[in-house]
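The values are calculated or read from the model by the stated rules, or taken from the named source; none is laboratory data. Just so you know, these numbers come straight off a predicted model, no measurement behind them. Positions of Cβ are generated from backbone atoms using ideal geometry, with glycine treated the same way; all protein chains shown enter the neighbour counts.
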């Protein structure tokens, strides 16, 4: 019996070390062949195989780091704790992260429905909210580990920033998020709202390839979609994902995506949601969306009955080619015009419904037929075919504008 206990004492830590090494290998961005070789080594040569696999992943992560980058010195706000395997709280059973994290393209995605159900079992509202925060933080730590050694999680009063940004840029980005949040509340007075206890989560991927590998999980399986530099993701945990550029290029994307976050509670029609985001981005950063000289001619030649219904339904914003750019620009123009009477526009926004493209709210609070209004903007004769018609949206097809 004593021998058995002694064996368990010796074997258990080795087993745990091996299992964690396997999990780290499987969550890495290595090829399937490399993962297989490393996992075989872990179990063929216990402990030494796990140690070798960890060293291999660490060395590859360092090799991927830009040549001019050196390990960053300690920075207050960097989260150094290890990614937990289990979430513990006195008010609920333990929540296994291993059982509720799906790894796709080397990146972990949380089962937010399961996490919400676990937190929902806690009667106390404050403790329930804290449990959800723990879950989000744990997911970010697992994301940090999966992305590589040069990624760090930084926490400020208003934000979590997961990135490989250098210290000065990292701090400046977090401060910029706080500044943009305040400015959005001023620009969209009475419309924008941020959760009182919620921190903005920003994930900055190193390059375009890593960005699309991450956001692909949130796209439908089939189809061709427009490109993007950032995305506000609402699937279970609101967060913003962007791909790394210099700070001046990231700033407009942050303003745009945080505006989506500030009006997400309203579930607006896509054209209105995007129009608010683009106009707010322009006011806060001055970043142009489309060349004005080309814009007018392109709009006048493109929009017709089916295309305008794709605009109202939101389909046009996700089309590849020039279609999405024209949709974003028309949304910018339309929102810019309607918002000149802010009090009336605010009432319109607060009551606009996605399922009718905002048509009823426009009649009630702006006194206009929104379709006739766009006809006037685009110098077209007024027609009822241009008013939002939800009955046609499911069958829409739209030729790409190149």
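Can residue 361 be described as buried (at least 20 other Cβ atoms within 10 Å of the Cβ), in contact with a helix residue (DSSP H, G or I) (Cβ under 8 Å, 6 or more places away or on another chain), in a helix (DSSP H, G or I) and modelled with pLDDT under 90? Don't jump to the end; show me each part of the working.
Numbers: buried (at least 20 other Cβ atoms within 10 Å of the Cβ): yes; in contact with a helix residue (DSSP H, G or I) (Cβ under 8 Å, 6 or more places away or on another chain): yes; in a helix (DSSP H, G or I): yes; modelled with pLDDT under 90: no.
No: the conditions fail for residue 361.
Taken over segment 375-391, the criterion of being part of a helix (DSSP H, G or I) and more than 31 Å from the chain's Cα centre (by Cα) is satisfied by 375, 376, 377, 384, 385, 386.
Among the residues of segment 104-114, some residue qualifies, meaning at least one is touching a helix residue (DSSP H, G or I) at 6+ places or on another chain (Cβ under 7 Å) and loosely packed, with under 15 Cβ neighbours inside 10 Å.
Among the residues of segment 338-355, those that are without any contact (Cβ under 8 Å) to a residue 40 or more places away in the chain and either closer than 26 Å to residue 303 by Cα or outside any helix (DSSP H, G or I) (or both) comprise 338, 340, 341, 345, 348, 355. Kindly indicate whether residue 159 is under 27 Å from residue 130 (Cα atoms), in contact with a strand residue (DSSP E or B) (Cβ under 6 Å, 6 or more places away or on another chain), touching a residue at least 60 places away in the same chain (Cβ under 8 Å) and in the same structural domain as residue 230 (by TED's automatic domain parsing). For residue 159, the condition - under 27 Å from residue 130 (Cα atoms), in contact with a strand residue (DSSP E or B) (Cβ under 6 Å, 6 or more places away or on another chain), touching a residue at least 60 places away in the same chain (Cβ under 8 Å) and in the same structural domain as residue 230 (by TED's automatic domain parsing) - is not met.
With in contact with a helix residue (DSSP H, G or I) (Cβ under 6 Å, 6 or more places away or on another chain), buried (at least 18 other Cβ atoms within 10 Å of the Cβ), modelled with pLDDT under 95 and not in a loop (DSSP other than H, G, I, E, B) as the only criterion, which of 331, 327 stands out?
Answer to the selection: 327.
Just one of the listed residues (348, 317, 302) is surrounded by 17 or more Cβ atoms within 10 Å (Cβ to Cβ) and within 26 Å of the chain's Cα centre (by Cα), namely 317. Meeting the requirement of 1 or more residues that are touching a strand residue (DSSP E or B) at 6+ places or on another chain (Cβ under 9 Å), within 30 Å of residue 175 (Cβ to Cβ) and touching a residue at least 60 places away in the same chain (Cβ under 8 Å), the strands (runs of 3 or more DSSP E) wholly within segment 81-156 are 107-110, 152-155.
Applying the condition of being touching a residue at least 12 places away in the same chain (Cβ under 8 Å) and not in a helix (DSSP H, G or I) to segment 301-323 and asking which residue is nearest to residue 376 (Cα to Cα) yields 303.
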